[in-house]
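To start, the structure itself, in C-alpha cells.
The values are calculated or read from the model by the stated rules, or taken from the named source; none is laboratory data. Computed from a prediction, not measured in an experiment: that's the story for all the values here. Cβ sites come from the backbone with ideal geometry, for glycine too, and all protein chains shown count toward neighbours.
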Amino acid sequence: MRAADQWTQLQESLGSDWSEARFAFVPEGSLSDAAAALLALQPVRVDDELRFHLVRAEGGAERARNTLRRLDGKRVWGTLRLLDASTEAPTHALPTRASASARLLVEAWDDAVTTLPPDWSDLLGELELDSTDHLPRAALLGAPMNPTRVRDETALRFRASGKQGYGVSAGMARRCLERMDAEGITGRISILVDLSDTVNDVTQGPVWRVAGRSV
C-alpha cells in the first residue's frame, strides 16, 4: 500500500481531537533514500526505521500528506505505523516546590547546563521519571529530543548538541521540559557524559558506548 494511503488510514484512526503524534516509517529499500524523501518531516533514524513527530496545530497533517505523496512519487515503498499520540490536554497548573518533586525539570536542566564549560559541544542526558505513568507522555512531549527508553528503568536518555551535529539544541530541550512541567511530569535531570569543542569530520557527532550499545 502506498505511504499516502497508509497515512489516510492512520489519520482516520487518530480521530478528530489529536494534537500530537509520532510515526515510524520502515522502508523496503534504501534507508538513506527514504530519509531524503522525508526530509520535510525531519526524520530521525532509529535502527532500521525513520521516526518523525507531528503537531497538528502546526500543520503537521497537511505536511505529512504532501511529503508522503512525494515519497510515493519517488517509488520509495515501506510501512508507516503510529507509535503514539495525544489529544488536546487540559491546562494544568505548574507544580510548586511543595509538590512531590522539589524542583521543576526546566530548573534542573538550567542548573545542569550552567555546570558545563562554555565550549561544550555534545552531551548525553538522562531524565529519570518519578512514575512509569509519565513515560508515554514524557516521550511524546520530548519527541524533538529523540528520547530512548532505558531498559529496566523509569528513565529516558537523549543527546544534545551545543553547536552542531547530532542532538537536540539546548533551547529545544528546555522547551520540551517546560511542556512536561506544565503537565505535572516530575523527575530528575542528569548529564551522564559531556564533550567540549568537538569537530565533526564526515560524521554527525561522537558515538558513546553504553552497556555495549552505541548512543
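General remarks:
- The residues in region 110-147 that are touching a helix residue (DSSP H, G or I) at 6+ places or on another chain (Cβ under 7 Å), more than 13 Å from residue 170 (Cβ to Cβ) and assigned to a helix (DSSP H, G or I) can be counted, and the count is 2.
- The single condition from (1) exposed (fewer than 13 other Cβ atoms within 10 Å of the Cβ); (2) among the hydroxyl-bearing types (Ser, Thr, Tyr); (3) touching a residue at least 12 places away in the same chain (Cβ under 8 Å) that residue 16 fails is (3).
- Residue 128 modelled with pLDDT of 90 or more, among the acidic types (Asp, Glu) and in contact with a strand residue (DSSP E or B) (Cβ under 8 Å, 6 or more places away or on another chain): yes
- So residue 64, is it touching a residue at least 12 places away in the same chain (Cβ under 8 Å) and either out of contact with any His (no Cβ under 8 Å at 6 or more places or on another chain) or part of a strand (DSSP E or B) (or both): yes
- For region 106-122, a residue qualifies if it is modelled with pLDDT of 90 or more and surrounded by 20 or more Cβ atoms within 10 Å (Cβ to Cβ), and the qualifying residues are 106, 109.
- When we screen 97, 81, 103, 75 for residues that are modelled with pLDDT of 90 or more and part of a loop (DSSP other than H, G, I, E, B), the only hit is 75.
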